[in-house]
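To keep things clear, I will list the structure first and then write my remarks on it.
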Amino acid sequence: MHGGTILGLSSVVPLLAVAQCPDYLDYSQQRHEPLSSGKYQLSYQRPPEECRTFISPGVEDTVRQMESVIKDPDLYRLFQNAYPNTLDTAIKWKGYAANNPEEELTFVITGDINAMWLRDSANQMQSYLPLLNASSDPNSIASLYRGVINLQGRYLLTSPYCNSFQPPPESGIPIATNRAASQDGVVPSYSNESVFECKYELDSLAAFLEVSANYYNATKDISFFGKFHWVSAVEAVLKVAQDMMTPTYSPNGDVLDSPYLFTRMTTRSTETLANDGLGNPVANGTGLIRSAFRPSDDSTTYQLFIPANMMFSSYLSQTAEIISKLNTPTSTALAQRMTDLSESLRGAIEEHGTTQHPIFGKIYAFEVDGYGSQTIMDDANIPSLLSAPFIHYPVDPATYATTRSLILSSFNPYYMRGPAISAVGGPHIGPGYAWPMAAIVRILTSDDDEEIVEQLREILATTDGLGLVHESVRSNNARDWTRPWFSWANGLFGQMVLDLVDRKPQILGRSFQ
């Protein structure tokens, strides 16, 4: 087992039983019976019940109920393995703050990397949003959410420019070593005791707003947000966003001090920033927020990364509503500030984040610099241009339609095509590798039955018999893939299937044999 206390059970599992639990990194690369009865004979990949890191009766009930809804045995097996994967394997520790026994904390690992990413953990929780309701039970999905929000808030108050963090001291879990970051030069500085990696990504800040908004919208538990340090964390997020609107040059041409710098000793250009950590120059006057890195953890080419600005605008608006309901002396002004920034970002995206493509017409750019340069592509990781409706950004329908057409064509340099799977990939793994995550997002943002069925077929056919959603798959060879244990992608697959129950139940009643 990957560490921590077994949660959701009436008592802690005896140490001997814990010692006998399999290392899921190894377990996930082996086939386990019973195999599914379909042509893919997918492995059963859930760890033994006593080795699962959190048990939710609601999730277990959902998994059982879906067996009668999903008629295809292989599709059901993939859902059965994937949907509970975060709860089965990635709730590394759950407990309470040392200085406040009422403050819940949840440390969620990504899977095969023993650290907590703001983005990943928010999305891992989002997988269970359909089952989230108000509850004070410490073994509830609501409690997991509160713990993630509280711990993310602590991280942001400590190191708001960082993206990935160490276990909290209360957990007793040893800190992880990130050898790739051992020689990083980062401004502002941080402590390895609390930070695993410090790549500034605007979407990481948006992820904190997202998980907060998701919790409130599902539970209406406004009292929670008035406790602990949530409002202070929101203010820290806003300060970073405001500071990262700093351009490269002053009006008289002086180079301005950047609030953030990053350099790394590396052979990969996507792992460091140009100009000694400053990044490529950014013009003044766009109203957009800089992001040094993308949600893939790859560096931006041009720092005005449009999908993250979309996501930030979207969830700023939703969390402003929470702030406005707190009724504190400063809440009205803070909520208005958030609403104003959300609206101004949307205007900036539509003005500066779009471009005229010679074939497709008006599209959203992936990145811009304000000088006229732009990156025309999309990446599999969320937020992406493809995912814009999924992250609740109010797209211009015509512009999104033309952008989507480009993204899903050979005009996107990272749209990988092949007999095994055709989907968006990205520089993180490189050319030739399509990401099932992008195929899932394509389904979540499509109303076309034929398109949805085609994507489901390709996802099903590319687990290499293991019955889990991989990070990426070679587009012409389904047996060549990366990451056996990627919790976010698995949860997103389950979330997508539950979305189809509401939107397209007839698709789940068909055969994929």
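The values are calculated or read from the model by the stated rules, or taken from the named source; none is laboratory data. In this text the structure is predicted, and so the values were computed from the model without any measurement. Note that each Cβ is placed from the backbone with ideal geometry, even for glycine, and that neighbours are counted across all protein chains shown. SASA here: full protein model, heavy atoms, side chains in, ligands and nucleic acids out. Shrake-Rupley method; radii C 1.70, N 1.55, O 1.52, S 1.80 Å.
Data overview
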{"item": "Per residue solvent-accessible surface (Å²) - the stretch 24-509, probe of 1.4 Å", "result": "36"}
{"item": "Cross-link pairs beyond the 28 Å C-alpha cut-off, checked among Lys239/Lys325; Lys92/Lys199; Lys94/Lys199; Lys362/Lys504; Lys39/Lys94", "result": "Lys362/Lys504; Lys39/Lys94"}
{"item": "Highest average packing first - 458-469, 502-513, Cβ atoms within 10 Å", "result": "458-469, 502-513"}
{"item": "Share of carbon and sulfur in the accessible heavy-atom surface of the chain [1.4 Å probe, %]", "result": "50"}
{"item": "Mean Cβ count within 10 Å, highest first, over the residues of peptides 351-361, 115-125", "result": "115-125, 351-361"}
{"item": "Nonlocal amide H pairs with Trp93, under 5 Å, H built at 1.01 Å", "result": "Phe107"}
{"item": "Average projected area [Cα convex hull, the chain], square nanometres", "result": "23.0"}
{"item": "Distant alpha-carbon pairs in the stretch 193-318 (separation over 26 angstrom), percent", "result": "29"}
